[in-house]
Amino acid sequence: MLLEKDAAALTPATIESATLARADHAEPNVAKRRGRPPSHAERWTKVTVVLMDRQIVFLDRLIADIRATSGASINRANLIRALIDSLAASDLDLTNSRSERDLIRVLAERLRRGPTT
């Protein structure tokens, strides 16, 4: 429990740096929860991202289509991580993007065109 004088000294920056310092020295993310243990082979961090309802519907339909077509069990996190890793492995330069709309335009154009060879 924080004392009032200790709480006043905490700013978002000090809370973040203290959290990151603990994370750097902590054991690799070992969840102490019930259920199936995570099967990640590398260090990971759980994050929360706000998605629009239409985006969730799209992901869920795509996952259902994948399961119906191939029988593979893919979940939202698998799909999102695959998208991020694919973008990271691409030669696509997004550094000139100034908004989400710019990102969508560049990404959609590249996906329609296909990879450069």
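The values are calculated or read from the model by the stated rules, or taken from the named source; none is laboratory data. Everything numeric here is computed off the predicted structure, so don't read it as measured data. Every residue, glycine as well, gets a Cβ built from its backbone with ideal geometry; the counts of neighbours run over all protein chains shown.
For ARG112, the conditions (1) exposed (fewer than 11 other Cβ atoms within 10 Å of the Cβ); (2) outside any loop (DSSP other than H, G, I, E, B); (3) at pLDDT 95 or above all hold with the exception of (3). Taking the criterion of being part of a helix (DSSP H, G or I), among the β-branched types (Val, Ile, Thr) and surrounded by 11 or more Cβ atoms within 10 Å (Cβ to Cβ), the residues of the stretch 63-109 that qualify are ILE63, ILE66, ILE80, ILE104, VAL106. Whenever a residue of the stretch 76-103 is over 16 Å from LEU51 (Cα atoms), its partners that are of a type in the set (D, E, K, R) and surrounded by 10 or more Cβ atoms within 10 Å (Cβ to Cβ), lying with C-beta atoms within less than 7 angstrom and at least six residues away or across chains, give the pairs LEU92/ARG110. Does VAL57 meet the test of being assigned to a helix (DSSP H, G or I) and within 19 Å of the chain's Cα centre (by Cα)? Judged against the criteria, VAL57 is a match. Scanning the stretch 32-54 for residues that are over 17 Å from the mean Cα position of the chain (by Cα) and over 26 Å from LEU103 (Cα atoms) turns up LYS32, ARG33, ARG34, GLY35, ARG36, PRO37.
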